[in-house]
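Just below is one structure, and these are the notes that go with it.
The values are calculated or read from the model by the stated rules, or taken from the named source; none is laboratory data. The structure presented is a predicted model; accordingly, all values stated were derived computationally and were not measured. Heads up, the Cβs are rebuilt from the backbone with ideal geometry, glycines too, and the neighbour counts pull from every protein chain shown.
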Amino acid sequence: MEEGAERQPAPSFIHMTDLALSVIILLICGFLFWSTTTFERVPASLAQNVQPTMFPRLLIAVIAVMALFLPFEHVQKRTTEIDLDSTRREPIRPIAYVTGLVLLGIVLFTPQLGTLLSMIVACAVLPLFWGERRIWIVAVYAVALPLAVALLFEGALEVSFEPGMLGHIFR
């Protein structure tokens, strides 16, 4: 060993910070999955292809599976010479907290606005808020993504969205 060189501990297969984060995510997923058991059961004759619990449970399960891989991500990143911990030393920027508050506000107004209009507002406001100045790109994105999501879920999967104040237009 060269003089003055620090000895680095052998890299661990499991990243402990990410393991703790995974446990927190899995606990939240477990609570949310349990909360879907409180949903009312719709008789099969009235169900629109899927029960109300199906989509939330599927989404929760996907998030839980991804959380299981989180403690091992650093192994793959290390092979590409990316140090995940280097950016963790920097404090979280205030824009992250403000973005969370904006999204929370949009979610709180979703019953009044409706799902489609809420998605349009989020897709229009957030990029501008983050500094995007090409209005035409934001406009295309704010219309195209929500419409694609609506066509997929309402059209193909026949999952009804919260109609909101403009719901009568789309019926």
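Which one of these does Ala144 not meet: (1) out of contact with any Cys (no Cβ under 9 Å at 6 or more places or on another chain); (2) modelled with pLDDT of 90 or more?
With respect to (1) out of contact with any Cys (no Cβ under 9 Å at 6 or more places or on another chain); (2) modelled with pLDDT of 90 or more, Ala144 is out only on (1).
Against the definition (over 21 Å from Pro163 (Cα atoms) and either more than 16 Å from the chain's Cα centre (by Cα) or surrounded by 13 or more Cβ atoms within 10 Å (Cβ to Cβ) (or both)), how does Val121 come out, yes or no?
Considered against the rule, which asks whether it is over 21 Å from Pro163 (Cα atoms) and either more than 16 Å from the chain's Cα centre (by Cα) or surrounded by 13 or more Cβ atoms within 10 Å (Cβ to Cβ) (or both), Val121 comes out as no.
Quick one: which helices (runs of 4 or more DSSP H) sit completely within the range 19-122 and have at least 1 residues that are at pLDDT 90 or above and out of contact with any Asp or Glu (no Cβ under 9 Å at 6 or more places or on another chain)?
In the range 19-122, 54-69, 94-113 are the helices (runs of 4 or more DSSP H) which contain 1 or more residues that are at pLDDT 90 or above and out of contact with any Asp or Glu (no Cβ under 9 Å at 6 or more places or on another chain).
Just to verify a result, which residue in the range 99-135, among those that are of a type in the set (A, V, I, L, M) and touching a residue at least 24 places away in the same chain (Cβ under 8 Å), is nearest to Ala150 (Cα to Cα)?
Leu116
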